[in-house]
Amino acid sequence: MGDSKSGLGFLVLLRIVLFSGTSSDAHSLSYNVTIDPQPRDDQPWCEVQGEVDQKVFVSYDCGRAQIKYLGPLGEEVKSMSAWETQTDTLRDTGDLLKGQMPDVTPEKHTDKVGSGPLTLQARMTCWREDNGHTNASWEFGFNGQLCLLFDSENGHWTMVHPGGRQMREKWENDRAVTDFFKKVSMGDCRAWLQAFLVRWEKMLKTSAPPTTVHATVQPAAPASNHITKIVLVVLAVFVIISIVAWILYKKRRRCS
């Protein structure tokens, strides 16, 4: 009977761990950056779309320095002083990514003849978990294909598609680029999130569905969040199986 109570207690604890991330205190801020080094007609060479909890609130043209505030969330914070430093940082990010493209372009696109247009997408996300801890990550890809992940907290690069091989080899050994990604995501992004939430917190609890606009990068949850949840589930299943096996083993010994 004692073993059964222990197993039940563990299952209750497991549910608390797995579903603790649903607290209303958890929020995320993302910026989807699209770089087109050869834009057509009046298309921007650098475009940024900002999202909070996957709700679009701002669109920014880096080249023309034009910004559009979208929906109540954008209007609520447009007068904040943080916007000036934010747009400067986003423009610097666009300039850096554009300058890096010749060195990180996949090999099959090195010869531009017949290869078609190639755009670089980057998604920076910082988030606050329900326990108050904040973290950040980057996702990089070409023409909508996710290729490379960067964990801003531990500086670890993860290639998820062969197209990210040159990006990883170049940036993993480039201290200046790595430090820039860390600074912008762990420093600037987290500071913006904290400042904006002062104005957003009440609105996010009762806000309408996300603003519908053309997304420059497909929305995605922070990569490290997915990995953490998968590891927790696998670990939980292993522990549960071990507990059940131990209980059955003890019962069989009693019977014998």
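Can you tell me which residues in the range 156-175 are open to solvent by less than 70 Å² (accessible area, probe 1.4 Å), of a type outside the set (Phe, Trp, Tyr) and closer than 15 Å to LEU120 by Cβ?
Within the range 156-175, HIS161, GLY163, GLY164, GLN166, MET167, LYS170 qualify.
Within the range 20-62, how many residues are more than 22 Å from ARG190 (Cα to Cα) and modelled with pLDDT under 90?
Qualifying residue count, the range 20-62: 7.
For residues that are in contact (Cβ under 8 Å) with a residue 60 or more places away in the chain and in contact with a Phe, Trp or Tyr (Cβ under 9 Å, 6 or more places away or on another chain), scanning just the range 137-157, find the one that is nearest to ARG190 (Cα to Cα).
Top of the filtered list is SER137.
Within the range 33-43, track down each residue that is open to solvent by less than 30 Å² (accessible area, probe 1.4 Å) and in contact with an Asp or Glu (Cβ under 8 Å, 6 or more places away or on another chain). Give the steps one after another, and end with the answer.
So the first thing to find is which residues in the range 33-43 are open to solvent by less than 30 Å² (accessible area, probe 1.4 Å), and the list is 33-35.
Within the range 33-43, VAL33, THR34 qualify.
Restricting attention to the range 161-185, report how many residues are aromatic (Phe, Trp, Tyr) and not in a helix (DSSP H, G or I). Steps first, answer last, please.
Initial filter on the range 161-185 (aromatic (Phe, Trp, Tyr)): 171, 180-181.
With not in a helix (DSSP H, G or I) added as a condition, the list becomes none.
Counting residues in the range 161-185 that are aromatic (Phe, Trp, Tyr) and not in a helix (DSSP H, G or I) gives 0.
Between LYS78, LYS55, which is over 29 Å from THR105 (Cα atoms), in contact with a Pro (Cβ under 7 Å, 6 or more places away or on another chain) and not aliphatic (A, V, I, L, M)? I'd like the intermediate steps shown before the answer.
Details: LYS78 fails: in contact with a Pro (Cβ under 7 Å, 6 or more places away or on another chain).
Only one candidate qualifies: LYS55.
Report those strands (runs of 3 or more DSSP E) wholly inside the range 55-155 carrying at least 3 residues which are open to solvent by 30 Å² or more (accessible area, probe 1.4 Å).
Values: elements: 55-61, 66-69, 120-128, 134-142, 145-151.
Of the strands (runs of 3 or more DSSP E) lying wholly inside the range 55-155, those with at least 3 residues that are open to solvent by 30 Å² or more (accessible area, probe 1.4 Å) span 66-69, 145-151.
The values are calculated or read from the model by the stated rules, or taken from the named source; none is laboratory data. From a predicted model like this one, the values you see are computed outputs, not experimental measurements. Quick reminder, even Gly has a Cβ in these numbers, built from the backbone with ideal geometry, and neighbours come from all protein chains shown. The area values use the complete protein model at the heavy-atom level, side chains included, leaving out ligands, DNA and RNA. Shrake-Rupley method; radii C 1.70, N 1.55, O 1.52, S 1.80 Å.
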